[in-house]
Number of protein chains: 2
Amino acid sequence: MVKVSVLYPYSEGKGFDMGYYCEKHMPMVKEKLGSACKSIAVEQGIAGGAPGAPPTYVAMGHFFCESAEAFQAAFGPHVAEIMADIPNYTPIQPIIQISEVKI
Amino acid sequence: MVKVSVLYPYSEGKGFDMGYYCEKHMPMVKEKLGSACKSIAVEQGIAGGAPGAPPTYVAMGHFFCESAEAFQAAFGPHVAEIMADIPNYTPIQPIIQISEVKI
(Lines give C-alpha, C1' and ligand atoms only; values in the text may rest on other atoms or scores of the structure.)
Protein backbone atom coordinates (compact mmCIF):
# COMPACT_ATOMS: atom_id res chain seq x y z
CA MET A 1 0.00 0.00 0.00
CA VAL A 2 1.28 3.49 -0.78
CA LYS A 3 0.30 6.79 0.76
CA VAL A 4 0.39 9.88 -1.45
CA SER A 5 0.72 12.88 0.86
CA VAL A 6 0.00 16.48 -0.11
CA LEU A 7 1.72 18.73 2.44
CA TYR A 8 0.88 22.45 2.71
CA PRO A 9 3.77 24.35 4.40
CA TYR A 10 2.74 26.80 7.11
CA SER A 11 3.27 30.31 5.83
CA GLU A 12 2.63 33.45 7.89
CA GLY A 13 -0.42 35.28 6.53
CA LYS A 14 -1.41 32.60 4.02
CA GLY A 15 -4.83 31.12 4.71
CA PHE A 16 -6.21 27.61 4.29
CA ASP A 17 -9.96 26.92 4.11
CA MET A 18 -10.16 23.58 5.93
CA GLY A 19 -13.95 23.39 5.48
CA TYR A 20 -13.69 23.63 1.69
CA TYR A 21 -10.75 21.22 1.65
CA CYS A 22 -12.58 18.53 3.65
CA GLU A 23 -16.05 19.01 2.18
CA LYS A 24 -15.29 19.83 -1.48
CA HIS A 25 -11.69 19.31 -2.61
CA MET A 26 -10.76 15.98 -1.03
CA PRO A 27 -14.10 14.25 -1.86
CA MET A 28 -13.79 15.55 -5.46
CA VAL A 29 -10.26 14.14 -5.82
CA LYS A 30 -11.29 10.84 -4.22
CA GLU A 31 -14.16 10.54 -6.70
CA LYS A 32 -11.83 11.29 -9.66
CA LEU A 33 -9.35 8.64 -8.47
CA GLY A 34 -12.11 6.05 -8.34
CA SER A 35 -11.19 2.55 -7.23
CA ALA A 36 -7.44 3.41 -7.30
CA CYS A 37 -7.94 5.27 -4.00
CA LYS A 38 -8.78 3.01 -1.06
CA SER A 39 -9.15 5.77 1.54
CA ILE A 40 -8.24 9.35 2.37
CA ALA A 41 -7.07 11.19 5.48
CA VAL A 42 -6.78 14.87 6.37
CA GLU A 43 -4.97 16.58 9.24
CA GLN A 44 -4.74 20.21 10.34
CA GLY A 45 -1.38 21.30 11.78
CA ILE A 46 -1.64 22.72 15.29
CA ALA A 47 1.93 22.90 16.61
CA GLY A 48 5.58 22.14 15.99
CA GLY A 49 7.92 20.30 18.32
CA ALA A 50 9.28 23.31 20.24
CA PRO A 51 6.96 25.10 22.71
CA GLY A 52 5.02 27.82 20.88
CA ALA A 53 6.40 26.85 17.47
CA PRO A 54 3.98 26.86 14.52
CA PRO A 55 3.41 23.56 12.70
CA THR A 56 5.65 22.81 9.72
CA TYR A 57 2.49 22.09 7.70
CA VAL A 58 -0.82 23.89 8.10
CA ALA A 59 -2.62 20.98 6.44
CA MET A 60 -1.92 17.50 5.10
CA GLY A 61 -4.08 15.40 2.81
CA HIS A 62 -3.37 11.73 2.13
CA PHE A 63 -4.54 9.21 -0.48
CA PHE A 64 -4.02 5.50 0.23
CA CYS A 65 -3.60 3.48 -2.98
CA GLU A 66 -2.53 -0.03 -3.98
CA SER A 67 0.60 1.29 -5.75
CA ALA A 68 2.24 4.48 -7.00
CA GLU A 69 1.48 3.35 -10.57
CA ALA A 70 -2.23 2.91 -9.77
CA PHE A 71 -2.33 6.41 -8.28
CA GLN A 72 -0.50 8.00 -11.22
CA ALA A 73 -2.70 6.25 -13.81
CA ALA A 74 -5.86 7.46 -12.05
CA PHE A 75 -4.56 10.95 -11.22
CA GLY A 76 -3.04 11.82 -14.62
CA PRO A 77 -6.25 12.39 -16.60
CA HIS A 78 -7.61 14.77 -13.90
CA VAL A 79 -4.47 16.67 -12.89
CA ALA A 80 -5.43 19.99 -14.54
CA GLU A 81 -8.89 20.06 -12.96
CA ILE A 82 -7.56 19.09 -9.54
CA MET A 83 -4.75 21.68 -9.58
CA ALA A 84 -7.19 24.38 -10.74
CA ASP A 85 -9.23 23.84 -7.56
CA ILE A 86 -6.33 24.61 -5.17
CA PRO A 87 -6.71 28.45 -5.31
CA ASN A 88 -10.29 27.95 -4.05
CA TYR A 89 -8.94 27.04 -0.60
CA THR A 90 -5.34 28.29 -0.34
CA PRO A 91 -2.53 30.28 -2.05
CA ILE A 92 0.01 27.82 -0.59
CA GLN A 93 1.94 25.59 -3.00
CA PRO A 94 1.94 22.04 -1.67
CA ILE A 95 4.74 19.46 -1.52
CA ILE A 96 4.02 15.92 -2.73
CA GLN A 97 5.48 12.84 -1.05
CA ILE A 98 4.87 9.22 -2.02
CA SER A 99 5.51 6.69 0.74
CA GLU A 100 5.21 2.98 1.30
CA VAL A 101 3.07 2.09 4.32
CA LYS A 102 5.14 -0.10 6.67
CA ILE A 103 2.91 -0.10 9.79
CA MET B 1 -7.81 12.91 18.03
CA VAL B 2 -4.32 14.25 17.43
CA LYS B 3 -1.51 12.79 15.35
CA VAL B 4 2.04 13.41 16.48
CA SER B 5 4.27 13.01 13.43
CA VAL B 6 8.04 12.48 13.52
CA LEU B 7 9.40 13.36 10.07
CA TYR B 8 12.93 12.38 9.00
CA PRO B 9 14.13 14.62 6.12
CA TYR B 10 15.79 12.81 3.23
CA SER B 11 19.48 13.59 3.27
CA GLU B 12 21.98 12.33 0.68
CA GLY B 13 24.26 9.74 2.26
CA LYS B 14 22.43 9.54 5.59
CA GLY B 15 20.99 6.11 6.31
CA PHE B 16 17.83 5.01 8.07
CA ASP B 17 17.42 1.47 9.47
CA MET B 18 13.73 0.85 8.77
CA GLY B 19 13.86 -2.65 10.28
CA TYR B 20 15.13 -1.34 13.63
CA TYR B 21 12.67 1.55 13.53
CA CYS B 22 9.62 -0.69 12.96
CA GLU B 23 10.68 -3.62 15.13
CA LYS B 24 12.44 -1.90 18.05
CA HIS B 25 12.05 1.90 18.24
CA MET B 26 8.37 2.43 17.47
CA PRO B 27 7.13 -0.49 19.64
CA MET B 28 9.36 0.78 22.51
CA VAL B 29 7.91 4.31 22.25
CA LYS B 30 4.34 2.97 21.99
CA GLU B 31 4.92 0.91 25.16
CA LYS B 32 6.31 3.96 27.03
CA LEU B 33 3.31 6.08 25.98
CA GLY B 34 0.94 3.46 27.35
CA SER B 35 -2.78 4.13 27.06
CA ALA B 36 -2.14 7.72 25.84
CA CYS B 37 -1.23 6.26 22.43
CA LYS B 38 -4.17 4.69 20.59
CA SER B 39 -2.22 3.53 17.53
CA ILE B 40 0.94 4.07 15.52
CA ALA B 41 1.79 4.28 11.81
CA VAL B 42 5.05 4.20 9.87
CA GLU B 43 5.80 5.09 6.26
CA GLN B 44 8.98 4.90 4.17
CA GLY B 45 9.44 7.70 1.62
CA ILE B 46 9.85 6.43 -1.93
CA ALA B 47 9.47 9.49 -4.19
CA GLY B 48 8.72 13.19 -4.40
CA GLY B 49 6.19 14.84 -6.69
CA ALA B 50 8.47 15.52 -9.66
CA PRO B 51 9.63 12.56 -11.79
CA GLY B 52 12.84 11.14 -10.34
CA ALA B 53 12.79 13.43 -7.31
CA PRO B 54 13.74 11.92 -3.94
CA PRO B 55 11.10 11.99 -1.19
CA THR B 56 11.08 14.99 1.15
CA TYR B 57 11.11 12.53 4.07
CA VAL B 58 12.92 9.20 4.11
CA ALA B 59 10.68 8.01 6.95
CA MET B 60 7.67 9.16 8.97
CA GLY B 61 6.40 7.78 12.26
CA HIS B 62 3.02 8.76 13.73
CA PHE B 63 1.39 8.43 17.15
CA PHE B 64 -2.38 8.82 17.40
CA CYS B 65 -3.46 10.18 20.79
CA GLU B 66 -6.60 11.59 22.40
CA SER B 67 -5.02 15.05 22.80
CA ALA B 68 -1.70 16.90 22.58
CA GLU B 69 -1.76 17.19 26.40
CA ALA B 70 -2.20 13.43 26.81
CA PHE B 71 0.76 12.83 24.49
CA GLN B 72 2.99 15.35 26.25
CA ALA B 73 2.15 14.02 29.72
CA ALA B 74 2.98 10.46 28.63
CA PHE B 75 6.04 11.39 26.54
CA GLY B 76 7.72 13.78 29.00
CA PRO B 77 8.99 11.22 31.54
CA HIS B 78 10.59 9.10 28.77
CA VAL B 79 11.98 11.77 26.43
CA ALA B 80 15.67 11.22 27.31
CA GLU B 81 15.49 7.46 26.78
CA ILE B 82 13.53 7.81 23.53
CA MET B 83 15.88 10.45 22.08
CA ALA B 84 18.91 8.35 23.06
CA ASP B 85 17.63 5.52 20.85
CA ILE B 86 17.56 7.61 17.63
CA PRO B 87 21.29 7.17 16.80
CA ASN B 88 20.66 3.40 16.76
CA TYR B 89 18.77 3.76 13.47
CA THR B 90 19.70 7.12 11.89
CA PRO B 91 21.92 10.21 12.14
CA ILE B 92 19.03 12.32 10.77
CA GLN B 93 17.47 14.91 13.09
CA PRO B 94 13.68 14.63 12.86
CA ILE B 95 11.03 17.35 12.66
CA ILE B 96 8.01 17.09 14.97
CA GLN B 97 4.50 18.09 13.88
CA ILE B 98 1.33 17.89 15.97
CA SER B 99 -1.89 17.80 13.95
CA GLU B 100 -5.59 17.45 14.55
CA VAL B 101 -7.16 14.58 12.62
CA LYS B 102 -10.02 15.97 10.50
CA ILE B 103 -10.78 12.96 8.26
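The values are calculated or read from the model by the stated rules, or taken from the named source; none is laboratory data. Since the model is a prediction, treat every value here as computed from it, not as a measurement. Every residue, glycine among them, receives a Cβ derived from its backbone with ideal geometry; neighbour counts consider all protein chains shown. Note: accessible area is taken over every heavy atom of the protein model, side chains too, but ligands, DNA and RNA are not part of it. Shrake-Rupley method; radii C 1.70, N 1.55, O 1.52, S 1.80 Å.
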(message) Using the Cα centre of chain B as the reference point, and only Cβ charges (+1 on K/R, -1 on D/E), how large is the resulting charge dipole? Debye, rounded to the nearest 20.
(response) 140
(request) Specify whether the C-alpha gyration tensor of chain B places it in the rounded, prolate or oblate class, a ≥ b ≥ c being the square roots of the eigenvalues: rounded for a/c under 1.5, otherwise prolate if a/b is larger than b/c and oblate if not. (result) oblate
(request) Please average, across the residues of B:41-51, the number of beta carbons from any other chain that are within 10 Å of each residue's own beta carbon, and give a whole number. (result) 6
(request) Could you list, in their original order, any pairs among A:K24/B:K30; A:K3/B:K32; A:K3/B:K24 whose Cα atoms are separated by more than 32 Å? (result) A:K24/B:K30
(request) Name the residue, out of A:G34, A:G13, A:G61, whose mean-square fluctuation peaks in a Gaussian network model built on chain A with Cα pairs under 10 Å. (result) A:G13
(request) List the distances, in nm to one decimal, from the label point of A:V101 to the label points of the same position in every other copy, shortest first, placing each label point 7 Å from Cα along the Cα-to-Cβ direction. (result) 1.3
(request) Along Cα-to-Cβ, 7 Å out, sits the label point; list in nm, shortest first, how far the one on B:S39 is from those in the other copies. (result) 0.5
(message) Using only DSSP helix segments of four residues or longer, with each worth -39500 (n - 2.57), what per-residue ellipticity at 222 nm results for the protein assembly as shown after dividing by its residue count and rounding to 500?
(response) -6000 deg cm²/dmol
(request) Let me know the mean shielding of A:90-103 by other chains, meaning the per-residue number of their Cβ atoms within 10 Å of its Cβ. (result) 6
(message) Net charge within 13 Å of B:K102 by Cβ-Cβ distance, Lys/Arg positive one each and Asp/Glu negative one each, not counting B:K102 itself?
(response) -3
(message) Label position 7 Å from Cα toward Cβ: report the copy-to-copy distances for A:E23 in nm, one decimal, ordered from shortest.
(response) 4.9
(message) With unit charges on the beta carbons (Lys and Arg positive, Asp and Glu negative) and the dipole taken about the Cα centre of chain B, which residue among B:V6, B:G48, B:Y21 sits farthest to the positive side?
(response) B:G48
(request) Roll a 1.4 Å probe over the protein chains and send me the accessible area per residue for chain A in Å². (result) 47
(message) Buried accessible area between B and A (1.4 Å probe, both chains summed, ligands and nucleic acids excluded), in Å² to the nearest 100?
(response) 2500
(message) If I build a Gaussian network model for chain B, linking alpha-carbon pairs within less than 10 angstrom, which residue out of B:M18, B:M26, B:M83 has the largest mean-square fluctuation?
(response) B:M83
(request) Can you tell me the dipole magnitude for the protein assembly as shown around its Cα centre, using point charges on the Cβ only (Lys, Arg +1; Asp, Glu -1), in Debye to the nearest 20? (result) 100
(message) Could you tell me the relative contact order of chain A? Use alpha-carbon pairs under 8 Å, at least six residues apart, and round to a whole percent.
(response) 49
(request) Between B:D17 and A:S11, take the C-beta separation as r, use R0 = 30 Å, and let me know the FRET efficiency to the nearest 0.05. (result) 0.35
(request) Please sort by residue number the GluC sites (Glu not before Pro) in the stretch A:1-40 whose DSSP state is loop and whose Cβ has at most 16 other Cβ atoms within 10 Å. (result) A:E12
(request) Rounded, prolate or oblate: pick one for the protein assembly as shown, where a ≥ b ≥ c are the square roots of the eigenvalues of its C-alpha gyration tensor, a/c under 1.5 means rounded, and failing that, prolate if a/b is larger than b/c, else oblate. (result) prolate
